[in-house]
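Encoded as structure tokens, the structure appears first; notes follow it.
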Amino acid sequence: MTSVEIIEMIKNLGAPVVYSLLALWFIKFQFIKADEGAQRGREERQRIIDDFTARDAENDKRAFDLAEKSNDAINKMASALQANTKSMDALLISIQK
């Protein structure tokens, strides 16, 4: 659109109508840009949430593995303590005889 066409449009339609149309176009342009920005923001937030969820799942797995290993170690210590108790009881019985 050339400047001559714009001047003719203003002469034919009137300045208020042309400015109103420009304002409507600008508002629509702003809404489109705002929607694009909001969409990018939603995508970024979702990416952050997905990253956090993946790291959290990995940490949970490591914590469960550590808890399982700790439980196994405690069970081995309990059985070793029980075996030591039995041997101490046998030693006391043999000393008392």
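Observations
- Estimated inter-spin distance, Arg40 and Ile95, nm [label 7 Å along Cα→Cβ]: 8.1
- Candidate values [x] 1.33; [y] 1.83; [z] 0.95 were compared with Rg/Rh (Cα atoms, Kirkwood Rh) computed on the shown model; the agreeing label is [y].
- Nearest-0.05 FRET efficiency for Phe31 and Glu68, computed from C-beta distance (R0 41 Å): 0.15
Only the coordinates and a few stated rules stand behind these numbers; no lab work does. Please read all numbers here as calculations on a predicted model, not as lab measurements. When we count neighbours, we look across all protein chains shown, and the Cβ atoms used for this are built from the backbone with ideal geometry, even at glycine.
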